[in-house]
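Visitor: Provided herewith is a single structure, encoded as structure tokens, for subsequent inquiry.
The values are calculated or read from the model by the stated rules, or taken from the named source; none is laboratory data. Everything numeric here is computed off the predicted structure, so don't read it as measured data. Ideal geometry is used to build each Cβ from the backbone, glycine not excepted, and the neighbour counts take in all protein chains shown. For accessibility, only protein heavy atoms count, side chains too; no ligands or nucleic acids. Shrake-Rupley method; radii C 1.70, N 1.55, O 1.52, S 1.80 Å.
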Amino acid sequence: EKMMFRLSLLVAALSTLISTTSAFGPSLAVGRSSFRAVSTAVAPARSAHGSKTELSMMAGPDLKGKVAFIAGVADSTGYGWAIAKALADAGATIIVGTWPPVLKIFEMGMKKGQFDEDATLSDGSKMVIEKVYPLDAVFDTPEDVPEDIKNNKRYNGLEGYTISEVAAAIEKDYGKIDILVHALANGPEVTKPLLETSRKGYLAASSASAYSFVSLVQKFGPIMNPGGSALSLTYIASEKVIPGYGGGMSSAKAQLESDTRTLAYEAGRKYEIRVNTISAGPLKSRAASAIGKEPGQKTFIEYAIDYSKANAPLAQDLYSDDVGASGLFLCSPMARTVTGVTLYVDNGLHAMGMALDSAAMAR
């Protein structure tokens, strides 16, 4: 009798949970031109008898009122732009940081409408970048900037481009923000094998590609709302040998992933924010296309794309919007319990241990 009573209580409790809990799942069409991030009401489905039986999982994230800062946007071809677009489609206010040497080119392109097609959102409107801040993420404070940079013509007329200064400017303009995206990397000797990489080149890659994320979380953490999200972009070379991706960049990406886990703990406890990274597959962006470019030969990224198609479990193209959709999830409340994660968005290539197109596999 007691057992039956306890069983009845358990069934009642489960019934209450099922009928009152909200479940959210993104309704996203994959591809560069058909991305959707639409927020809809979640209504419980009903059986033929009118009783509540399950929840409809048709809601996308609603980021209206949220402010997102994406560091490292300089054109519309990279993953930073794709993540910004996905966040904008969900209603977020978008502000970006751009490397000073390409700032004028980027701003001119926006004025001329060069990025309009790539800025089209699901409702037909254009993504609005509310403000562009000059940002050189290898400098934390004004005191770190050497004289040769201050006097460089590409920095002429610019000020306030160190990480601490940009954080202060954004706090002045917007108060607190909710989303921080690190979409930048640089390795001056990336075309050199590690055996030929100088100490200066190695440390420069680490500074620009890994420590810059640590510094961003340091300086922006205090101006982020609890429940906010910090996100970076990494690459499989952090854990597997990728010939051609040199100059210490593979080491920098390994640092970035390790730092993601440590920052998830430290920033989670101190600022109540989440920290994750996306290990994205190869995309023919402007920056990636510059690696190993020789006349009459395929670039490093073209080899990487061809290899991925031949060997990944999903033999399909990877679009920037695929990474944008994953970034949207990680930056939204749907991922409120997800932190310290390296999320692979690479058609499953990371899972493979053998090259299917290897000559050794030929029969």
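Visitor: Quick one: count up the residues across region 134-180 that are in contact (Cβ under 8 Å) with a residue 24 or more places away in the chain and closer than 20 Å to S209 by Cβ.
Guide: Qualifying residue count, region 134-180: 15.
Visitor: If I ask for residues that are in a loop (DSSP other than H, G, I, E, B) and either in contact with a Phe, Trp or Tyr (Cβ under 7 Å, 6 or more places away or on another chain) or on the phi < 0 side of the Ramachandran plot (or both), which ones from region 121-139 would you list? Working first, answer last.
Guide: Pass one, region 121-139, residues in a loop (DSSP other than H, G, I, E, B): 121-125, 127-128, 135-139.
Passing the criteria: L121, S122, D123, S125, M127, V128, L135, D136, A137, V138, F139.
Visitor: Let me ask you something else. Could you list, in sequence order, all residues of region 335-363 that are open to solvent by less than 80 Å² (accessible area, probe 1.4 Å) and not in a loop (DSSP other than H, G, I, E, B)?
Guide: Taking region 335-363 and keeping what is open to solvent by less than 80 Å² (accessible area, probe 1.4 Å), we get 335, 338-352, 355, 358, 362.
The answer is A335, T342, L343, Y344, V345, L349, H350, A351.
Visitor: Restricting to region 295-334, name every residue that is in a loop (DSSP other than H, G, I, E, B) and of a type in the set (V, I, T).
Guide: Restricting attention to region 295-334, the residues satisfying the condition of being in a loop (DSSP other than H, G, I, E, B) are 295-299, 312-319, 332.
Listed by number, the list holds a single entry, T299.
Visitor: Let me ask another. Is there a residue in region 130-140 that is of a type in the set (D, E) and closer than 26 Å to A82 by Cβ?
Guide: Within region 130-140 (the criterion being of a type in the set (D, E) and closer than 26 Å to A82 by Cβ), the answer is yes, since at least one residue qualifies.
Visitor: Let me ask something additional. I'd like the residue in region 132-154 that is among the charged types (D, E, K, R) and open to solvent by less than 50 Å² (accessible area, probe 1.4 Å) and, out of all such residues, is farthest from the chain's Cα centre (by Cα). Steps first, answer last, please.
Guide: Applying the first criterion (among the charged types (D, E, K, R)) to region 132-154 yields 136, 140, 143-144, 147-148, 150, 153-154.
Subset that is open to solvent by less than 50 Å² (accessible area, probe 1.4 Å): 136, 140.
On the way: D136: 18, D140: 21 Å.
This residue is D140.
Visitor: Check region 260-273 and report whether any residue there is modelled with pLDDT of 95 or more, closer than 30 Å to Y307 by Cα and not in a loop (DSSP other than H, G, I, E, B). Walk me through it before giving the result.
Guide: Step one: list which residues in region 260-273 are modelled with pLDDT of 95 or more, which gives 260-273.
Now narrow it down to the ones that are closer than 30 Å to Y307 by Cα: 260-261.
Still in the list and also not in a loop (DSSP other than H, G, I, E, B): 260-261.
Yes, that holds for at least one residue.
Visitor: Ok, one more. So is E117 closer than 16 Å to G97 by Cα and open to solvent by 40 Å² or more (accessible area, probe 1.4 Å) or not?
Guide: Numbers: closer than 16 Å to G97 by Cα: no; open to solvent by 40 Å² or more (accessible area, probe 1.4 Å): yes.
Criteria not met by E117.
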